[in-house]
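Single-structure report; data block below.
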Amino acid sequence: MCRNVVRLLLVGTLAACSTRTAPDRFQLRVRCAEPARFYLDDSRGKSWAPEGAVVYVQRGERHFVVRHGFAIDLPAGSYTLVAERGPEYRPFRTTIDGRPGKDVTLDLALTRWIEMNRMGWYSGDLHNHRRPEDMPLLLQAEDLNLSPAITDWIWDDRQRGAPPQTRDAIRRVDATHAFSVLDKEIERLKDGPGAVDLLGLRSRIPFDGYLLHPTNDVFAREAHAQGGWADAEKIVWRDAAALVALGHVDFAGIVYNHFNRQDVETDTDSWGMIPKTRAEFKTAAGMPLWAMDVYYRFLNCGFRLPVSAGSASGVKAAPLGYCRTYVKLDGPFDYERWFRALKSGRSFGTNGPMLFLTVDGKEPGAVLSLPNNGGRSVKIHAEVSSEKPLDRLEVVFKGRTIHTERGSGKISADFTADVRETGWFAARAFEQVDHTVRFAHTSPVYVEVGGDKGVVREDARFFIDWIDREIAFYKALPGFRKPADREAMLALFTQARKVYAGLR
């Protein structure tokens with residue numbers, strides 16, 4: 001594989017210094033043919049950015065994005081420069097000794113270690129709070145094909161930002177990059193029902209409510225009515241069990257914004273998410289397993305939910321596309337085609353590894369029908385690769401890990417599995433844990449055996465208990481402005497409970 005290419009030139013003529021640079025400073029010039037994201041820090045940890053760059057600062061995430069390199073005058077000293085372009089490129093890192101009057105010019109070319117578009121996979125970040133005017137540059141700099149820009153954000157009962165007044169809801173940057181600008185997030189945390197993202201909207205969806213009313217199914221219905229989509233931004237919010245049971249959400253947020261470039265945010269109780277039932281779920285390494293555990297229970301109740309991912313760049317310590325969904329397309333890239341393929345389950349979510357799965361040659365989203373005579377053996381192929389060291393690759397059937405392969409480089413698994421009941425296969429992979437957690441998870445390949453429905457009753461019971469807990473909570477909670485508002489919340493959960501109680 002090719003390596004990042006860099007050419008470093010030290011320029012220090014007296015004429016150049018006297019006309020452009022003060023004696024105690026130097027000029028750093030970086031030339032790069034493609035848009036990229038940069039981190040420039042001095043020896044004291046201070047971050048620097050050139051004029052005209054798109055600058056991003058959230059907690060420890062401090063970077064800037066430029067289209068074709070940059071030039072900046074800096075105090076003499078030692079600097080660290082990092083350049084990145086999304087997970088398909090090898091990052092570049094170097095130190096720069098900026099001596100007084102000695103200007104530095106650096107020619108930089110970032111190189112790929114994988115090219116997903118050539119294999120038919122196109123990436124999207126479903127949780128994005130960046131400015132629409134910055135989106136064309138950011139998509140290209142992050143090698144990200146698609147991202148809805150959530151310009152309409154409800155926090156509790158407050159409006160944060162407003163969508164542009166436009167009929168041009170979906171905007172194509174070029175043949176392989178597109179974004180939308182009328183997307184909305186309803187985020188009502190703690191005592192509220194949780195967060196749902198309404199994506200691909202063609203017109204505004206108004207919010208005339210407060211923390212506890214209306215219920216989120218109202219907004220999901222409105223999104224669907226105009227051809228949009230509802231993403232369960234995290235599959236562990238209070239009302240997720242109800243929204244899934246009643247068919248109001250299209251995608252399951254598994255790789256979500258608590259997994260940042262800097263760290264893992266393990267605090268969930270204070271935000272109103274469901275309780276963690278195992279001690280390991282409260283650790284950084286166990287956080288992905290928590291969401292997966294809930295996701296698997298939904299699948300075991302017969303709900304076919306595709307995996308999705310989103311970074312919440314704009315409010316979280318992550319660049320755009322840090323958590324991304326890859327979707328397999330049969331034809332050329334297109335915004336609507338991408339979402340339809342995601343809805344059909346042809347996806348995996350990741351914040352690092354590239355993960356692939358087939359069951360008897362079928363990819364995620366497919367349904368494999370087997371005869372009702374005890375089933376048969378199926379051939380499993382799973383494969384993961386990453387620019388960073390890997391830890392393990394696992395294949396899961398109905399929530400049980402049935403195969404594990406370990407290794408630090410590219411990992412693959414080929415084996416057969418006996419299938420005797422209706423269920424699903426999925427693959428997941430983890431990199432070695434350092435200051436954060438990087439992982440990937442596929443959507444399922446579904447297997448149907450005769451007339452067996454494949455429902456796991458104890459998982460249906462899990463959701464009944466979840467809903468009973470929320471019903472009791474909202475019966476006792478003050479804060480509803482009208483009795484009818486409380487009744488609407490209780491009705492949503494009661495209707496969903498009937499769905500789980502009827503599963504056999």
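Below, the figures for the structure above:
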{"item": "Residue that is nearest to the chain's Cα centre (by Cα) [pool: residues in the range 65-85 that are more than 24 Å from ASP24 (Cβ to Cβ) and in a strand (DSSP E or B)]", "result": "GLU84"}
{"item": "Enumerated strands (runs of 3 or more DSSP E) restricted to the range 317-366, each holding at least 2 residues that are aliphatic (A, V, I, L, M), out of contact with any Cys (no Cβ under 9 Å at 6 or more places or on another chain) and under 20 Å from ARG112 (Cα atoms)", "result": "354-359"}
{"item": "In the range 423-470, residue modelled with the lowest pLDDT [restricted to those that are among the hydroxyl-bearing types (Ser, Thr, Tyr) and closer than 30 Å to GLY60 by Cα]", "result": "THR436"}
{"item": "Options ARG158, ARG188: the member that is surrounded by 24 or more Cβ atoms within 10 Å (Cβ to Cβ) and within 28 Å of LEU490 (Cα to Cα)", "result": "ARG188"}
{"item": "Restricting the range 106-154 to residues that are touching a helix residue (DSSP H, G or I) at 6+ places or on another chain (Cβ under 8 Å) and among the aliphatic types (A, V, I, L, M), the residue that is nearest to LEU329 (Cα to Cα)", "result": "LEU146"}
{"item": "Test result for GLN159, at pLDDT below 95, in a strand (DSSP E or B) and over 27 Å from TYR89 (Cβ atoms)", "result": "yes"}
{"item": "Some residue of the range 297-305 being assigned by TED's automatic domain parsing to the domain that holds LEU198, of a type outside the set (Phe, Trp, Tyr), surrounded by 24 or more Cβ atoms within 10 Å (Cβ to Cβ) and closer than 24 Å to GLU185 by Cβ", "result": "no"}
{"item": "Matching option when the condition is more than 28 Å from ASN145 (Cβ to Cβ), acidic (Asp, Glu) and surrounded by 17 or more Cβ atoms within 10 Å (Cβ to Cβ), among ASP208, ASP217, ASP197", "result": "ASP217"}
{"item": "Condition met for PHE251 (in the same structural domain as ALA318 (by TED's automatic domain parsing), within 22 Å of ILE464 (Cα to Cα) and crowded, with 21+ Cβ neighbours inside 10 Å)", "result": "yes"}
{"item": "Residue satisfying condition, being in contact (Cβ under 8 Å) with a residue 12 or more places away in the chain, over 14 Å from the mean Cα position of the chain (by Cα) and either surrounded by 23 or more Cβ atoms within 10 Å (Cβ to Cβ) or in the same structural domain as THR436 (by TED's automatic domain parsing) (or both), within set SER313, SER347, SER308, SER408", "result": "SER408"}
{"item": "Any chance ARG131 is farther than 19 Å from GLU34 by Cα, surrounded by fewer than 20 Cβ atoms within 10 Å (Cβ to Cβ), in contact (Cβ under 8 Å) with a residue 12 or more places away in the chain and under 31 Å from the mean Cα position of the chain (by Cα)", "result": "yes"}
{"item": "Failed item, numbered, when SER123 is tested on (1) of a type in the set (S, T, N, Q); (2) under 20 Å from PRO353 (Cβ atoms); (3) in a helix (DSSP H, G or I)", "result": "(3)"}
{"item": "Qualifying residues in the range 396-409 (those that are modelled with pLDDT of 95 or more and outside any strand (DSSP E or B)) - the one farthest from VAL294 (Cα to Cα)", "result": "LYS398"}
{"item": "Matching residues in the range 275-295 - criterion: being assigned to a loop (DSSP other than H, G, I, E, B) and either among the basic types (Lys, Arg) or assigned by TED's automatic domain parsing to the domain that holds ALA472 (or both)", "result": "LYS276, ARG278"}
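Residue by residue, here is whether (1) surrounded by fewer than 12 Cβ atoms within 10 Å (Cβ to Cβ); (2) out of contact with any Phe, Trp or Tyr (no Cβ under 8 Å at 6 or more places or on another chain); (3) not in a helix (DSSP H, G or I) holds:
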residue	(1), (2), (3)
TYR446	no, no, yes
PHE462	no, yes, no
GLU470	no, no, no
PHE493	no, no, no
TYR500	no, no, no
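Yes or no, residue by residue, for (1) in the same structural domain as ASP191 (by TED's automatic domain parsing); (2) touching a Cys at 6+ places or on another chain (Cβ under 7 Å); (3) on the phi < 0 side of the Ramachandran plot; (4) surrounded by 16 or more Cβ atoms within 10 Å (Cβ to Cβ):
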| residue | (1), (2), (3), (4) |
| --- | --- |
| SER78 | no, no, yes, no |
| TYR89 | no, no, yes, yes |
| ARG93 | no, no, yes, no |
| PRO100 | no, no, yes, no |
| ASP103 | no, no, yes, yes |
| HIS127 | yes, no, yes, yes |
| SER147 | yes, no, yes, yes |
| ILE154 | yes, no, yes, yes |
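The values are calculated or read from the model by the stated rules, or taken from the named source; none is laboratory data. Nothing here was measured: the structure is a model prediction, and the numbers come from that model. Cβ sites come from the backbone with ideal geometry, for glycine too, and all protein chains shown count toward neighbours.
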